[in-house]
Amino acid sequence: MTRSIIKTSKAPAPVGPYSQAVSSGNILYVSGQIPLDPENGELIQATFAEQCHRVLLNLQIILEAGGSGLDRVLKVTIYMKDLAQFAELNEIYAEYFGDSKPARACVEVSNLPKDVALEMDAIAEISSTDH
């Protein structure tokens with residue numbers, strides 16, 4: 001299988017020694033995304049809802065750069081500092097994933113990079129015609 005590093009300037013650069021995404025065969029692994037502004041790499045200072053939108057948009061941009069999309073996501077892992085915001089997260093999440101409904105895990109954690117409220121990563125399929 002071919003392993004490829006996915007990198008796009010349309011999404012935030014990694015904040016550590018990792019790639020935005022890596023593909024292997026027809027699977028794309030997207031690293032955890034936090035609410036960073038892709039233009040300046042800074043955290044967006046916004047409501048929880050606005051942070052959710054930014055994280056999902058960052059995921060979407062990287063998925064598309066890797067030849068996939070939100071409708072081809074197989075699994076999402078969500079890390080949240082406060083599960084009391086779970087219902088609000090679900091409303092926003094549903095806007096992006098619609099009927100595709102990938103498998104998912106959501107866990108509450110004590111802290112996240114840059115002290116953000118949430119982080120999401122994804123595993124998605126890539127069709128062979130996209131390579």
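The values are calculated or read from the model by the stated rules, or taken from the named source; none is laboratory data. Not measured: the values here are computed from a predicted model. Neighbour counts run over all protein chains shown; Cβ positions are idealised from the backbone, glycine included.
Entry remark, the stretch 83-114: residues being in a loop (DSSP other than H, G, I, E, B) and more than 17 Å from G32 (Cα to Cα) number 4 in total.
Looking only at the stretch 14-41, count how many residues are closer than 20 Å to C52 by Cα and not in a strand (DSSP E or B).
Narrowing the stretch 14-41 to residues closer than 20 Å to C52 by Cα: 14-15, 20-21, 29-41.
In the following step, the residues that additionally are not in a strand (DSSP E or B) were identified as 14-15, 20, 34-35, 37-41.
Total satisfying the criteria: 10.
Scanning for something without any contact (Cβ under 8 Å) to a residue 60 or more places away in the chain, closer than 20 Å to P12 by Cα, surrounded by fewer than 17 Cβ atoms within 10 Å (Cβ to Cβ) and over 13 Å from the mean Cα position of the chain (by Cα), does the stretch 49-61 turn up at least one residue? Yes, the stretch 49-61 contains a residue that is without any contact (Cβ under 8 Å) to a residue 60 or more places away in the chain, closer than 20 Å to P12 by Cα, surrounded by fewer than 17 Cβ atoms within 10 Å (Cβ to Cβ) and over 13 Å from the mean Cα position of the chain (by Cα). Of the residues making up the stretch 62-82, those that are assigned to a loop (DSSP other than H, G, I, E, B) and within 15 Å of the chain's Cα centre (by Cα) are G66, G67, S68, G69. When restricted to residues that are within 15 Å of I123 (Cα to Cα) and without any contact (Cβ under 8 Å) to a residue 12 or more places away in the chain, the stretch 88-107 contains 1.
Considering the stretch 1-21 alone, what residues qualify as being within 18 Å of K114 (Cα to Cα) and either loosely packed, with under 14 Cβ neighbours inside 10 Å or not hydroxyl-bearing (S, T, Y) (or both)? Before the answer, list the steps.
The initial filter retains those residues of the stretch 1-21 that are within 18 Å of K114 (Cα to Cα), namely 11-20.
A11, P12, A13, P14, V15, G16, P17, Y18, Q20 - these are the residues of the stretch 1-21 that are within 18 Å of K114 (Cα to Cα) and either loosely packed, with under 14 Cβ neighbours inside 10 Å or not hydroxyl-bearing (S, T, Y) (or both).
Residues in the stretch 83-101 that are surrounded by 14 or more Cβ atoms within 10 Å (Cβ to Cβ) and within 26 Å of I5 (Cβ to Cβ): Y96, F97.
With the structure loaded, tell me whether A105 is of a type outside the set (S, T, Y), touching a Ser or Thr at 6+ places or on another chain (Cβ under 7 Å) and surrounded by fewer than 15 Cβ atoms within 10 Å (Cβ to Cβ) or whether it fails that test. Lay out the reasoning, then the answer.
Numbers: of a type outside the set (S, T, Y): yes; touching a Ser or Thr at 6+ places or on another chain (Cβ under 7 Å): yes; surrounded by fewer than 15 Cβ atoms within 10 Å (Cβ to Cβ): yes.
Against the criterion (of a type outside the set (S, T, Y), touching a Ser or Thr at 6+ places or on another chain (Cβ under 7 Å) and surrounded by fewer than 15 Cβ atoms within 10 Å (Cβ to Cβ)), A105 qualifies.
Please tell me if M80 is buried (at least 18 other Cβ atoms within 10 Å of the Cβ) and either in contact with a Ser or Thr (Cβ under 9 Å, 6 or more places away or on another chain) or at pLDDT below 95 (or both). Spell out the reasoning first.
Values: buried (at least 18 other Cβ atoms within 10 Å of the Cβ): yes; either in contact with a Ser or Thr (Cβ under 9 Å, 6 or more places away or on another chain) or at pLDDT below 95 (or both): no.
Taking the combined requirement at face value, the residue does not satisfy it.
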